[in-house]
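Student: This is the structure I want to talk about, given as structure tokens.
What follows draws every value from the coordinates through simple rules; no lab data is involved. Not measured: the values here are computed from a predicted model.
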Amino acid sequence: MNLLQQIGAASLLVVLTLCLQCAGVAALITWLRSVAARGLRDLRMFHSAVLVMQTTVVVIVLHGMVILLWASCYRGLCFSTWESAFYFSASSYTTVGYGDLILPLKWRLLGPLESMVGMLMSGISVGLLFAVITHLVEGESQSRLSLRAEPVTADPIGLPQR
């Protein structure tokens, strides 16, 4: 029964994490596209820096919300204080894993799973930040954030090309 409980809790946490992360990234992309639609002429150096800072802050808050989601589970299942639950969740999510707090044997598989999810969600965030900075550096001609769709053709072996 312990394994089934761990699988159930893990599945629920992963699904909720994906929903939260995807909704947050989708909202952020929608906002970034609206900024890009206004054109790069409006994005001078100061405005570009502010855009990157705003995007980074939103990404950090989004990760904090995911950490809080996992901490809520740990608080209900394992730890007696919010401070311990949030600390364990943050150290697991960021893959720091100090080891000074450990999960009970019954729930020990959740920690490594949170680390794996944290790495994947961080990768999505880094990709988004890279796209924003690439858009700002390359300008309007090479923008992948703009709303214009470029035609996609296929080469003889079926790989899409632009």
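Student: Taking N as the number of residues in segment 2-139, what is its alpha-carbon radius of gyration divided by 2.2 N^0.38 Å?
Tutor: 1.25
Student: A further question follows. Would you mind calculating the relative contact order of segment 1-131 from Cα pairs under 8 angstrom and at least 6 residues apart, reporting the percent as a whole number?
Tutor: Reported relative contact order: 26 percent.
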